Amino acid sequence: MRTPWYQRAFQSEYFSLYAHRTQAEADAQVSGLLQSGLLPRESPLLDLCCGAGRHLSAFRSAGLRAWGLDLSSELLRGQHGVVRGDMRVLPFVGARFAAVTSLFTSFGYFESESENVQVLFEIRRVLRDGGVLLLDHVNPKPTIAALVPESREERGGALITSRRRHDERGRRIVKEIEYAKDGLVENWHESVRIYEPDELDALLAMAGLFVERRCADFMGAEFTPACPRQLVRAVKH
Ligand SMILES: C[S@@+](CC[C@H](N)C(=O)[O-])C[C@H]1O[C@@H](n2cnc3c(N)ncnc32)[C@H](O)[C@@H]1O
């Protein structure tokens, strides 16, 4: 069977590809989330698709009891309080968490929409009544308008070429990556389903998660249609 893109894309090269997504950035984001009240100061919290754990460590420094889940054993290596698993089938009992976070575009990965919805049903299942989901995703129109078709940069000794396009039919943003290091060239891609705000609200509501607040950033700035990101706080009723 063909390896799904989301297994190939998040291996050791991720550290140089996304080296600009730092611990300092995550610390500032978590402090913004707590100060703005976007995220309740309640435990336990699950950071879904936690990657290398940069937000997890910030949540813990802020005094929250936080757990992480991710599919990539390479990104999870050396961390504690994390589980390797798939976001479609969460290995937790129901009503376990006060909050679930999905940060830095970690949703909309599956080809079939039913699997993306399944992730939301799973989040709802593991949340307590009144529990909060914080979802950080792309706002489609401004992101598509600003899409850079090709860029090239050197990071961690690798020459990285990224080609980006909007797949209008599939309603996805696709990024093809060429990674050249030590005379070897590797290729893979990322492919993320994008959602207009009203579409995302409807999808969340279908899974029993109701949007209370939509912001432009982690500090709680007001959302406008021109914002490149949407940070959504949804509650389980
Ligand atoms: C864009 S990264 C974000 C990582 C982290 N939230 C951060 O901000 O650094 C997306 C993460 O989702 C994880 N992932 C991809 N597919 C997954 C799946 N099916 N189940 C769980 N995690 C998955 C990847 O391994 C990767 O760590």
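The values are calculated or read from the model by the stated rules, or taken from the named source; none is laboratory data. This structure is a prediction, so every number in the text was calculated from the model and none was measured. Here Cβ is always computed from backbone atoms with ideal geometry, including for glycine, and neighbour counts include all displayed protein chains.
Here are a few things to note about the model shown:
- Residue 93 free of Cβ contacts under 8 Å to residues at least 40 places away in the same chain and within 13 Å of the ligand (Cβ to nearest atom): no
- Hey, residue 214 more than 16 Å from the ligand (Cβ to nearest atom), at pLDDT 95 or above, crowded, with 17+ Cβ neighbours inside 10 Å and under 24 Å from residue 55 (Cα atoms) or not: yes
- Odd one out for residue 153, checked against (1) touching a residue at least 12 places away in the same chain (Cβ under 8 Å); (2) part of a strand (DSSP E or B): (1)
- Checked against (1) without any contact (Cβ under 8 Å) to a residue 40 or more places away in the chain; (2) surrounded by fewer than 15 Cβ atoms within 10 Å (Cβ to Cβ), residue 226 meets all criteria but (1).
- Every residue from region 93-104 that is surrounded by 17 or more Cβ atoms within 10 Å (Cβ to Cβ) and either acidic (Asp, Glu) or farther than 19 Å from residue 140 by Cα (or both): 97, 98, 99, 100, 101
- Restricting region 126-146 to residues that are touching a residue at least 12 places away in the same chain (Cβ under 8 Å) and more than 19 Å from the chain's Cα centre (by Cα), the residue that is surrounded by the most Cβ atoms within 10 Å (Cβ to Cβ) is 128.
- The set of residues from region 105-125 being away from the ligand (no atom under 13 Å from the Cβ) and either of a type in the set (D, E, K, R) or crowded, with 22+ Cβ neighbours inside 10 Å (or both) comprises 113, 120, 124, 125.
- Residue that is farthest from the chain's Cα centre (by Cα), among those in region 50-64 that are away from the ligand (no atom under 11 Å from the Cβ) and either closer than 16 Å to residue 133 by Cα or buried (at least 23 other Cβ atoms within 10 Å of the Cβ) (or both): 64
- Single residue of region 30-49 satisfying the filter (crowded, with 22+ Cβ neighbours inside 10 Å and within 16 Å of residue 126 (Cα to Cα)) that is farthest from the ligand (Cβ to nearest atom): 45
- The strands (runs of 3 or more DSSP E) located wholly in region 10-89 that include 3 or more residues which are in contact (Cβ under 8 Å) with a residue 12 or more places away in the chain and aliphatic (A, V, I, L, M) occupy 45-48.
- Taken over region 12-25, the criterion of being touching a Leu at 6+ places or on another chain (Cβ under 8 Å) and either of a type outside the set (Phe, Trp, Tyr) or closer than 14 Å to residue 63 by Cα (or both) is satisfied by no residue.
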